[in-house]
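The values are calculated or read from the model by the stated rules, or taken from the named source; none is laboratory data. Just so you know, these numbers come straight off a predicted model, no measurement behind them. Cβ sites come from the backbone with ideal geometry, for glycine too, and all protein chains shown count toward neighbours. Protein only, heavy atoms only, side chains kept; ligands, DNA and RNA dropped before computing areas. Shrake-Rupley method; radii C 1.70, N 1.55, O 1.52, S 1.80 Å.
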Amino acid sequence: MKRIVFAVLAVSMGSNTVWAETPHSDVEQQLQEYERRLQQLESDQYHSAVDDRLRINGFISAGMSQANADTTAGEASHIDGADDDWSHDALTRAGIQFNARINDRAEAVVQLFASGQDDFDAEIQWGYLDYDLTDTVAIKAGRIVAPFYMHSQYVDVGYAYPWVSPPAEVYQLAPIKTMEGIEAAWSFNTGALSHRLAAFWGSSTVDGGPRTGNANFQADDLSGINLTSRWQDWSFRASYSGASVTVPQDDLNALVPPAPLLGLTLDDVYTYFAGLGLQYDDGSWFMATEVARLSFSNWYPSSESGYVSVGKYLGKWMPLVTWAAVYPDELDEQLPGALNDGLAERQKSWTAGLRYSLTDAIALKGEYSYYYDFSDEDVTTNGFFVVTDGGALENDHASVVRLSMDLVF
């Protein structure tokens, strides 16, 4: 196309007596200059279009943690990766997100994520198409967020919340972050309240982590509904989801060695998760609370948990304190007591934290968590601590120190 334009220019210039007298080399030089300018113009237009269509942002968290837990044998570590040595892997992670605008209603979203817990092997954590059916109704399909908690949308973005890590008693109850599926959401108002009502359906494979011997929990027909409502400085969230959960028999046998003798299986078991959350943040005070329940409709113990967190903004500083707890529920009395002890999870904790906003995009945080009350008359547990070599926590308490630097860009 460019050559055609240049040919036309050359013909028109040939009809002009001034250009006719111009040496051929000068004409060629002029044509090359025009071509360079056209290429620059096209390049500027292209980059402008790319800038308008593509947004890139990301986050980085660099952290370290250490646990102090006496054991009868072996070594203890918290399920977030903290053990008796300072660990720099468990709290270190990074992500970069690409939002590509396809047209006025459609957008493609891809997020790459890597964490120290997974040896920094990058993976596509999100990859979905977001389409606005109307001004108030949108659907997304692909690899999306599993919307269980108040902070599920940004659970890995440490800068987005005041803790170094969200309270494990709730956020590790069902450690599922993503799913493959579809979500439909409706945004609407009732008076001064704004709401977002969403329903989803899909599937997910969840690594239960060290506390389950890294057993894979396959959640099929994972479906649910959640409602988020906002009024001034208040946010409220309610969610319910259910799935047909299966654990491969080999994984189950490793988790529960007596399983073959007792005839235990975990195959297509209906499991549900329910949660409620309330948050207040006026820039002077911060308060958040969530309660959750994870229930299996078989012999596997169900759990209930919750936390309350209160913080105060003092310029760039924010001290906060959090109380949290998790309890086992619906224990199968037909199972050996030792088996219930190994599967049930019980603990309480107090956490004192401090956040400092170094800049508008960088936060420094530290916290000290004291864990206690791992056992009662029904069960003797290690809570959310994993002890090697068949050992157990020697005392009814343990602690974890966490430090982090979180940034967004």
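Is it the case that some residue within the stretch 207-218 is of a type outside the set (A, V, I, L, M), at pLDDT 95 or above, surrounded by fewer than 14 Cβ atoms within 10 Å (Cβ to Cβ) and not in a helix (DSSP H, G or I)?
no
Look at the stretch 165-206 and say how many of its residues are of a type outside the set (K, R) and in a loop (DSSP other than H, G, I, E, B).
At the first step, the residues of the stretch 165-206 found to be of a type outside the set (K, R) are 165-176, 178-195, 197-206.
Checking which are in a loop (DSSP other than H, G, I, E, B) leaves us with 165-167, 172-176, 191-192.
Selection size over the stretch 165-206: 10.
So V145 passes all but one of these: (1) among the hydrophobic types (A, V, I, L, M, F, W, C); (2) crowded, with 22+ Cβ neighbours inside 10 Å; (3) closer than 23 Å to R93 by Cβ. Which condition number does it fail?
(2)
Suppose we filter the stretch 345-363 for residues that are in contact (Cβ under 8 Å) with a residue 40 or more places away in the chain and either more than 30 Å from T212 (Cβ to Cβ) or of a type in the set (A, V, I, L, M) (or both); how many remain?
7
(1) aliphatic (A, V, I, L, M); (2) in contact (Cβ under 8 Å) with a residue 24 or more places away in the chain; (3) surrounded by 15 or more Cβ atoms within 10 Å (Cβ to Cβ): which one isn't true of V155, the others all being true?
Going through (1) aliphatic (A, V, I, L, M); (2) in contact (Cβ under 8 Å) with a residue 24 or more places away in the chain; (3) surrounded by 15 or more Cβ atoms within 10 Å (Cβ to Cβ) one by one, V155 breaks only (2).
Exactly one condition in (1) touching a Leu at 6+ places or on another chain (Cβ under 7 Å); (2) buried (at least 18 other Cβ atoms within 10 Å of the Cβ); (3) under 16 Å from W234 (Cβ atoms) is not met by G277; state its number.
(1)
Which is open to solvent by 60 Å² or more (accessible area, probe 1.4 Å) and either touching a Pro at 6+ places or on another chain (Cβ under 7 Å) or within 30 Å of Q97 (Cβ to Cβ) (or both), of T351, T388, T359? Outline the logic, then answer.
Working: T351 fails: open to solvent by 60 Å² or more (accessible area, probe 1.4 Å); T388 fails: either touching a Pro at 6+ places or on another chain (Cβ under 7 Å) or within 30 Å of Q97 (Cβ to Cβ) (or both).
Answer to the selection: T359.
Every residue in the stretch 358-408 that is in contact with an Asp or Glu (Cβ under 6 Å, 6 or more places away or on another chain), of a type outside the set (G, A, S) and under 20 Å from K316 (Cα atoms), please.
R402
From (1) open to solvent by 20 Å² or more (accessible area, probe 1.4 Å); (2) of a type in the set (D, E); (3) at pLDDT 95 or above; (4) touching a Phe, Trp or Tyr at 6+ places or on another chain (Cβ under 9 Å), pick out the condition that doesn't hold for D251.
Result: D251 fails condition (3) only.
Select from the stretch 212-268 the residues that are closer than 21 Å to W186 by Cβ and in contact with a Pro (Cβ under 7 Å, 6 or more places away or on another chain) and list them in ascending order.
Our first condition is that a residue be closer than 21 Å to W186 by Cβ; within the stretch 212-268, this holds for 222-231, 234-242.
Passing the criteria: N226, S239.
Could you list, in sequence order, the residues of the stretch 219-237 that are in a loop (DSSP other than H, G, I, E, B) and surrounded by 14 or more Cβ atoms within 10 Å (Cβ to Cβ)?
Step one: filter the stretch 219-237 for residues in a loop (DSSP other than H, G, I, E, B), giving 232-233.
D233 - this is the single residue of the stretch 219-237 that is in a loop (DSSP other than H, G, I, E, B) and surrounded by 14 or more Cβ atoms within 10 Å (Cβ to Cβ).
Could we say that T265 is assigned to a loop (DSSP other than H, G, I, E, B), touching a residue at least 12 places away in the same chain (Cβ under 8 Å), at negative phi and among the β-branched types (V, I, T) here? Before the answer, list the steps.
On the way: assigned to a loop (DSSP other than H, G, I, E, B): yes; touching a residue at least 12 places away in the same chain (Cβ under 8 Å): yes; at negative phi: yes; among the β-branched types (V, I, T): yes.
Here the answer is yes, as T265 does meet what is asked.
Quick check on V401: is it touching a residue at least 60 places away in the same chain (Cβ under 8 Å) and either open to solvent by less than 20 Å² (accessible area, probe 1.4 Å) or closer than 22 Å to D85 by Cβ (or both)? So that I can check it myself, show each step before the final result.
On the way: touching a residue at least 60 places away in the same chain (Cβ under 8 Å): yes; either open to solvent by less than 20 Å² (accessible area, probe 1.4 Å) or closer than 22 Å to D85 by Cβ (or both): yes.
Against the criterion (touching a residue at least 60 places away in the same chain (Cβ under 8 Å) and either open to solvent by less than 20 Å² (accessible area, probe 1.4 Å) or closer than 22 Å to D85 by Cβ (or both)), V401 qualifies.
Could you check, for the stretch 183-194, whether at least one of its residues is buried (at least 23 other Cβ atoms within 10 Å of the Cβ) and either under 16 Å from the mean Cα position of the chain (by Cα) or free of Cβ contacts under 8 Å to residues at least 40 places away in the same chain (or both)?
no
From the set of residues in the stretch 282-319 that are of a type in the set (A, V, I, L, M) and open to solvent by less than 20 Å² (accessible area, probe 1.4 Å), which is farthest from T265 (Cα to Cα)? So that I can check it myself, show each step before the final result.
The first filter runs over the stretch 282-319 and keeps only residues of a type in the set (A, V, I, L, M), leaving 287-288, 291-292, 294, 308, 310, 314, 318.
Adding the requirement that they be open to solvent by less than 20 Å² (accessible area, probe 1.4 Å) leaves 288, 292, 318.
Numbers: A288: 38, A292: 25, M318: 48 Å.
Taking the candidates together, the pick is M318.
Just to be sure before I move on: is Y371 open to solvent by less than 40 Å² (accessible area, probe 1.4 Å), among the hydroxyl-bearing types (S, T, Y) and under 30 Å from D281 (Cβ atoms) in the structure I sent? It would help to see each step written out before you state the result.
Numbers: open to solvent by less than 40 Å² (accessible area, probe 1.4 Å): yes; among the hydroxyl-bearing types (S, T, Y): yes; under 30 Å from D281 (Cβ atoms): yes.
Criteria met by Y371.
Answer with yes or no whether F200 is farther than 30 Å from S404 by Cβ, in contact (Cβ under 8 Å) with a residue 40 or more places away in the chain, aromatic (F, W, Y) and buried (at least 18 other Cβ atoms within 10 Å of the Cβ).
On the way: farther than 30 Å from S404 by Cβ: yes; in contact (Cβ under 8 Å) with a residue 40 or more places away in the chain: yes; aromatic (F, W, Y): yes; buried (at least 18 other Cβ atoms within 10 Å of the Cβ): yes.
For F200, the condition - farther than 30 Å from S404 by Cβ, in contact (Cβ under 8 Å) with a residue 40 or more places away in the chain, aromatic (F, W, Y) and buried (at least 18 other Cβ atoms within 10 Å of the Cβ) - is met.
Strands (runs of 3 or more DSSP E) wholly in the stretch 58-136 with at least 3 residues that are hydrophobic (A, V, I, L, M, F, W, C) - which ones?
Values: elements: 76-78, 93-101, 106-115, 123-132.
So the answer is 93-101, 106-115, 123-132.
Out of the stretch 108-123, which residues are open to solvent by less than 80 Å² (accessible area, probe 1.4 Å), more than 16 Å from R143 (Cβ to Cβ) and more than 14 Å from the chain's Cα centre (by Cα)?
G116
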